[in-house]
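Only one structure is covered here, and it is reproduced in the block below.
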Amino acid sequence: MANKTMFTSMRGKLLPAVHGLNASGGKAFMLKPREALAQLAVTGCLNGTFYATAQDQLDEVLNLAKNVEPEFVAKTAIYARQSGFMKDMPALLLACLTVPNGKGEMRPDLVAPVFHKVIDNGKMLRNFVQIMRSGIVGRKSLGSAPKRLVQNWLIKASDRDLIRACVGNDPSLADVIKMVHPKPLSKERDALFGYFIGREYDFSKLPQSLKDYEVFKERGGKIVPDVPFQMLTSLNLTTDHWTQIAKQGGWHMVRMNLNTFARHGVFRRRSAVKAIAKRLTDVDAIRRAKVFPYQIMAAYMASQKSDLPTEIKEALKEALEIALENVPSFAGNVVVCPDVSGSMSWGSVTGYRKGSTSAVRCIDVAGLMSSIVLRNSETAKVLPFEVCVSDLKLDRRADVLTNAEKLASIGGGGTNCSAPLVHLNRERASVDLLIIVSDNESWADVQGGRSTALMREWERMKVHNPNARMVCIDITPNTTTQAVNRPDILNIGGFSDRVFDVIGRFANGNLGPDHWVGEIDTIEIRSIN
């Protein structure tokens, strides 16, 4: 009979050796530069998190951008905006392309095509200008090429896009216009620029919505002008006015301002309650708005602490179910393992920033992802973990938010990413797909040996489940991981809707372990000289 001790030892020697530590001091594998940039691009919030400050994240991104080839930086900026729906990171990476990298390389031909794909609204334009003027990428002026791109955006943008862009400061749209001096191609655009920067303009040439707005400011009226509602909040609005604003708003605007509407008496009217509930559950509007499940969760969590009508709270629940309609189910024996340790319960998933901190924590996202998998996969089971596995039973028939709240209520303890695998190996469980949702800062597991505890336990699991696959979802901005990418292991960063599709393709053998960098590499950039 074969010597099991000897062969177990040999398996251990074949495990990849760790070559770094994570932020909590535990053993970890360092992501390759391209992988690290991709990870930070779609999870980096440039806000303070449990393990990293905003400055830490910024320094890491700037360093990686200098040491990765410019074309990959360009593609990552596009991916972060179009697939990750990020705001600050794509603008930062675009700014990095305007200066030489660590090798002195410059690819000015990449700036224009990336600008056109990343700067898709006025908010993104202002972000880019702010980053360029801050000096963090090595220059404090726009430079001739970026200046022309900003000028062209201002000249060619629709009236509606420009009016939307005038909401916000640091810099304001007026600041940007004064900075780059765009030359308008029509009298109408000349009047609009004059209106924004406070110089003389021809009132008759303004867009109708701004004419209506100026008349409304001066005389009032029953009909609210069709301008961003932030332009109206300083005016003496009635409940009728606020009700109009609520009924006319886009999906995200309505979702983000439910408490504002409540404060102004909108929900004292039954017709308004019904109209807004219908708006929140509009299938087409949810699809067009590219709604993330966690965004609905944030609104729902806030609603539980407010006096919003029951119909509105129930509409948010229904909206979540609608947003999940295309989430795939996973075949076979699926085990999803949400990290419920103390660091997952601390602060916002998007980090802390004064005045703009989300109420959703990492643990809420982990709970949401776990309950979604439980709902959509008949054989799935959930093993919450911290130092050890928590004995919590969930009802797969319960709504997603209820199960997510139960998981989030466990929170506490250290992080041991290998704990659920130890549990499963002890039971010799049959596993086809293992999904770990964590902030990846494992430190409380057994740290001996040349590899991580997670990799050691995964190898033990593979003895009894040779075809099993593991997906490690990291929902925080890290440059380390507990498991290396290989054909049976996939590391994913971020928590967008696309995560479930990626898992499904990997589980079915239709996606390699380098999917992320591979997806970014498939982006085509047509140089514009």
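The values are calculated or read from the model by the stated rules, or taken from the named source; none is laboratory data. Owing to the predicted nature of the structure, the values given are computational and were not obtained by experimental measurement. With ideal geometry, Cβ positions are generated from the backbone for all residues, glycine too; neighbour counts draw on all protein chains shown.
Screening the range 95-121 for residues that are outside any loop (DSSP other than H, G, I, E, B) and touching a Lys or Arg at 6+ places or on another chain (Cβ under 6 Å) and picking the one that is farthest from residue 71 (Cα to Cα) gives 118.
On the basis of being more than 30 Å from residue 318 (Cα to Cα) and among the acidic types (Asp, Glu), does residue 427 make the cut? Yes. Within the range 55-108, the set of residues being acidic (Asp, Glu), closer than 30 Å to residue 293 by Cβ and in contact (Cβ under 8 Å) with a residue 24 or more places away in the chain comprises 60, 88. Residues in the range 38-69 that are modelled with pLDDT under 65 and more than 17 Å from residue 83 (Cβ to Cβ) were compared, and the one that is surrounded by the most Cβ atoms within 10 Å (Cβ to Cβ) is 49.
Rundown of residues vs (1) within 30 Å of residue 284 (Cα to Cα); (2) not assigned by TED's automatic domain parsing to the domain that holds residue 313, yes/no style:
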residue: 178; (1), (2): no, yes
residue: 187; (1), (2): no, yes
residue: 244; (1), (2): yes, yes
residue: 258; (1), (2): yes, no
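Filtered by the rule that a residue be in contact with a Phe, Trp or Tyr (Cβ under 8 Å, 6 or more places away or on another chain) and free of Cβ contacts under 8 Å to residues at least 40 places away in the same chain, the range 160-192 gives 174, 177, 182, 184, 190, 191, 192. Residues that are at pLDDT below 55, surrounded by 14 or more Cβ atoms within 10 Å (Cβ to Cβ) and either assigned to a strand (DSSP E or B) or of a type in the set (Gly, Ala, Ser) (or both) do not occur anywhere in the range 18-35. Evaluate the following for residue 160: is it buried (at least 16 other Cβ atoms within 10 Å of the Cβ), assigned to a helix (DSSP H, G or I) and not aromatic (Phe, Trp, Tyr)? In short, no. Among the residues making up the range 164-187, a single one is assigned to a helix (DSSP H, G or I) and either touching an Asp or Glu at 6+ places or on another chain (Cβ under 9 Å) or surrounded by fewer than 12 Cβ atoms within 10 Å (Cβ to Cβ) (or both): 187. Listed by position, the helices (runs of 4 or more DSSP H) enclosed by the range 402-511 that each have at least 2 residues that are in contact with a strand residue (DSSP E or B) (Cβ under 7 Å, 6 or more places away or on another chain) and surrounded by 21 or more Cβ atoms within 10 Å (Cβ to Cβ) are 419-427, 498-507. All conditions but one from (1) part of a loop (DSSP other than H, G, I, E, B); (2) within 22 Å of residue 504 (Cα to Cα) apply to residue 391; the one that does not is (2). Please tell me if residue 127 is buried (at least 19 other Cβ atoms within 10 Å of the Cβ), in a helix (DSSP H, G or I) and polar (S, T, N, Q). Yes; evaluated as a whole, the condition is true for this residue. Of all the residues in the range 109-138, those that are in contact with a Ser or Thr (Cβ under 8 Å, 6 or more places away or on another chain) and without any contact (Cβ under 8 Å) to a residue 60 or more places away in the chain number 4.
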